[in-house]
Amino acid sequence: MVISAMTEIIGSTPVFKFTDRDYPMPQGSMIYAKLEHLNPGGSIKDRLAQYLIEEGIKTGKITEKTTIIEPTAGNTGIGLALVALNYHLKTIFVVPEKFSLEKQQLMKALGARVINTPSAEGIVGAIQKSKELAKSIEPSYLPLQFENPDNPKAYYHSLGPEIVQELGVNLQSFVAGIGSGGTFAGTAKYLKEQIPTIRLIGVEPEGSILNGGEAHAHEIEGIGVEFIPPFLADLSIDGFETISDQEGFSHTRELAKKSGLLVGSSSGAAFVAALREVQRLPEGSAVLTIFADVADRYLSKGIYL
């Protein structure tokens with residue numbers, strides 16, 4: 001394959017198959033993991049970034065003079081910065097201080113300006129600061145992944161169809177992390193249309209509120225919410241799995257040592273949830289999960305220590 005832009009290799013990621021020979025699960029059952037950490041920017045958010053910028057250009061919200069401003073934990077910012085390079089667009093990302101230094105350095109490496117907000121204010125504080133910046137910088141475009149309907153559409157039109165093309169419709173459950181909610185909602189909607197009986201299981205870390213817990217700090221990045229994502233409103237979700245930092249990190253390490261999968265802790269958490277889900281199902285069942293990003297951006301967080 002010969003390419004002239006890194007965006008040409010966004011998507012079409014492979015699927016990894018785990019069986020009852022690899023991990024404890026009912027006989028003949030399997031877990032499929034979509035390896036989204038192999039996107040060029042290192043995460044599933046490359047798909048979103050490409051869709052947001054291309055739709056912004058189509059609708060006239062983005063011109064060659066537009067500055068893109070976005071609150072992000074990092075992966076969406078990396079993806080947006082990567083795609084923005086193709087169009088020579090300026091990017092500014094607002095990131096709570098608590099998120100990994102590696103992700104912030106990668107955004108800067110791709111030409112972005114990074115502005116930090118206090119960790120205590122969480123992503124809500126980053127959203128507020130982004131809106132303030134957008135008012136003072138013209139012309140600018142604020143995609144706001146947390147409320148933009150193009151977020152789930154990005155995955156409905158790319159990830160969902162890829163999964164069905166690769167695995168068919170013999171899937172019993174879809175298990176995936178929830179952050180902004182776009183990945184889960186868009187993919188789940190497409191899968192539910194193709195496989196009406198599929199179970200939908202959301203994954204969150206302890207400290208997220210989807211399962212009724214109180215919001216507090218957690219080490220697992222990329223998933224977890226301080227408010228209910230609007231994209232979940234029209235979904236009939238069968239349940240949520242809440243995963244501790246210890247469980248998420250230990251399974252992340254195991255995925256590396258056992259299978260050579262260098263993925264982030266949200267992937268470890270998703271795998272814990274997938275293992276729980278497959279145990280509930282009959283023998284011979286198939287569970288799909290998503291490994292959303294790569295491990296090297298969390299080394300300063302002690303992901304392998």
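The values are calculated or read from the model by the stated rules, or taken from the named source; none is laboratory data. Computed from a predicted model, the values in this text were never measured in an experiment. Cβ coordinates were reconstructed from backbone atoms using ideal geometry, including for glycine residues, and neighbour counts include every protein chain displayed.
Since Glu8 meets every condition but one in (1) of a type outside the set (A, V, I, L, M, F, W, C); (2) out of contact with any helix residue (DSSP H, G or I) (no Cβ under 9 Å at 6 or more places or on another chain); (3) under 28 Å from Ile137 (Cα atoms), which condition does it not meet? Of everything listed in (1) of a type outside the set (A, V, I, L, M, F, W, C); (2) out of contact with any helix residue (DSSP H, G or I) (no Cβ under 9 Å at 6 or more places or on another chain); (3) under 28 Å from Ile137 (Cα atoms), Glu8 misses just condition (3). All of Ile237, Ile209, Ile220 fail the test of being in the same structural domain as Phe18 (by TED's automatic domain parsing), farther than 28 Å from Glu102 by Cα and not charged (D, E, K, R), apart from Ile237. Here Gly222, Gly213 are screened, and the one residue that is of a type outside the set (Val, Ile, Thr) and crowded, with 18+ Cβ neighbours inside 10 Å is Gly222.
The residues of the range 60-79 that are part of a loop (DSSP other than H, G, I, E, B), more than 16 Å from the chain's Cα centre (by Cα) and polar (S, T, N, Q), listed by number, are Thr63, Thr66.
Residues of the range 13-59 that are part of a helix (DSSP H, G or I), of a type in the set (A, V, I, L, M, F, W, C) and crowded, with 23+ Cβ neighbours inside 10 Å: Leu48, Ala49, Leu52, Ile53. Scanning the range 108-128 finds no residues that are modelled with pLDDT under 95, over 20 Å from Glu54 (Cβ atoms), among the basic types (Lys, Arg) and outside any helix (DSSP H, G or I).
Conditions (1) touching a helix residue (DSSP H, G or I) at 6+ places or on another chain (Cβ under 6 Å); (2) among the aromatic types (Phe, Trp, Tyr), marked per residue:
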{"position": "Gln50", "(1), (2)": "yes, no"}
{"position": "Glu54", "(1), (2)": "no, no"}
{"position": "Gly60", "(1), (2)": "no, no"}
{"position": "Thr63", "(1), (2)": "no, no"}
{"position": "Thr66", "(1), (2)": "no, no"}
{"position": "Asn75", "(1), (2)": "yes, no"}
{"position": "Gly79", "(1), (2)": "yes, no"}
{"position": "Tyr87", "(1), (2)": "no, yes"}
{"position": "Lys90", "(1), (2)": "no, no"}
